[in-house]
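A quick write-up on the structure given underneath.
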Amino acid sequence: MVWWIYALITMLMFGTTNFLVKYAGYNHMDSIFASILLWLATGVMGIIFMLVYKDSFVNNIKNTSPYILLLPVIAGITLAIGMYTIKLALSNGPAGPTVAITAANAFLVAIFSYIIIGEELSTMKIIGMLVILAGLIILTL
């Protein structure tokens, strides 16, 4: 499957997640309780995928340096914190601007990828990022 189909599926899943988090807050669900349920559900999905891809999982553990194994663990911690803070933002503010601002994490990914990995940022990509930034500013006014 091509990358953009995966990206569209991710957008649909994240959009559904963010709406459900907003709806839980709208119905006065406690932020910490909602976050705990979200993290538990994520953990269950991780266990299911680990069991489905058991052989691959074991091989990857054996063949990956400890430093590289630590990266997704740190990413999981930052994701958990991010999911908690988006729950707070969605419970206390408007959904559209909140999700738009959080989606701007693409800027960080692009900048980190440029600085650390050496991925190229073309003039068109930079212009596109500036247009998105302008849209975010307008959306939050």
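The values are calculated or read from the model by the stated rules, or taken from the named source; none is laboratory data. Source: prediction; values computed, not measured. Methodologically, a virtual Cβ is constructed for each residue, glycine included, from the backbone with ideal geometry; neighbour enumeration extends over all protein chains shown.
Points to keep in mind about this one:
- Residue 116 at pLDDT 85 or above and not assigned by TED's automatic domain parsing to the domain that holds residue 24: yes
- Output for the stretch 58-84, where each listed residue is touching a helix residue (DSSP H, G or I) at 6+ places or on another chain (Cβ under 8 Å) and surrounded by fewer than 11 Cβ atoms within 10 Å (Cβ to Cβ): 61
- Residues of the stretch 37-87 that are within 22 Å of residue 18 (Cα to Cα) and of a type in the set (Ser, Thr, Tyr): 42, 78, 84, 85.
- Taking the stretch 10-96 as the region of interest, the helices (runs of 4 or more DSSP H) fully inside it that hold 1 or more residues being within 23 Å of residue 136 (Cα to Cα), in contact (Cβ under 8 Å) with a residue 60 or more places away in the chain and not polar (S, T, N, Q) are 66-92.
- Taking the stretch 101-113 as the range and being in contact with a Leu (Cβ under 8 Å, 6 or more places away or on another chain) and either within 23 Å of residue 88 (Cα to Cα) or assigned by TED's automatic domain parsing to the domain that holds residue 14 (or both) as the test, the residues that pass are 101, 104, 107.
- Residue list for the stretch 14-28, filter: among the aliphatic types (A, V, I, L, M) and over 14 Å from residue 41 (Cα atoms): 24
Conditions tested, residue by residue: (1) farther than 28 Å from residue 132 by Cβ; (2) hydroxyl-bearing (Ser, Thr, Tyr); (3) in contact with an Asp or Glu (Cβ under 6 Å, 6 or more places away or on another chain).
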position	(1), (2), (3)
50	yes, no, no
53	yes, yes, no
59	yes, no, no
63	yes, no, no
85	no, yes, no
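Residues are listed down the side, and each one gets a yes or a no for (1) of a type outside the set (Val, Ile, Thr); (2) in the same structural domain as residue 23 (by TED's automatic domain parsing):
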| residue | (1), (2) |
| --- | --- |
| 89 | yes, yes |
| 121 | yes, no |
| 126 | no, no |
| 131 | no, no |
| 137 | no, no |
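- Filter result (assigned to a helix (DSSP H, G or I) and in contact with a helix residue (DSSP H, G or I) (Cβ under 7 Å, 6 or more places away or on another chain)) within the stretch 101-124: 101, 102, 107, 110
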